[in-house]
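See structure below.
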Amino acid sequence: MIIWGAAQLLFPHQANGSLVESKDLRIIGSELLGQNFAAAKYFHPRPSAAGQGYDAASSGGSNLGPTSQKLVDAVKQRVADYRAENALPEDALVPADAVTASGSGLDPTLA
């Protein structure tokens, strides 16, 4: 209780999840978790294995290992999508972080 109280007193924003609010004061995200943006004008985070995108209530990895055909197919599709979206040639190298999800399924935001 002492640590919780000190955190609430000294760092209330951080202790409560660093929540981001919209102009009408609705909670729309967290400064600590990546957000799932689909439009081309946004920076794209790593793919997420948590629920439907960056769903903190469904945090967890896919549990697919390197010999999983489902994982291989998913990464191949993400590579093809990345190349198409960025107008890259077929032989262009793609950053691993752009096509593989993290172990928890949730990455911190880069903002």
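Annotations
- Around HIS13: net Lys/Arg minus Asp/Glu count, Cβ-Cβ under 15 Å: -2
- Cross-link partners of LYS41 among aspartates and glutamates (Cα-Cα below 17 Å; sequence separation of 8 or more within a chain): ASP81, GLU85
Coordinate-derived values only; no laboratory data. All values derive from a computational prediction rather than experimental measurement. Positions of Cβ are generated from backbone atoms using ideal geometry, with glycine treated the same way; all protein chains shown enter the neighbour counts.
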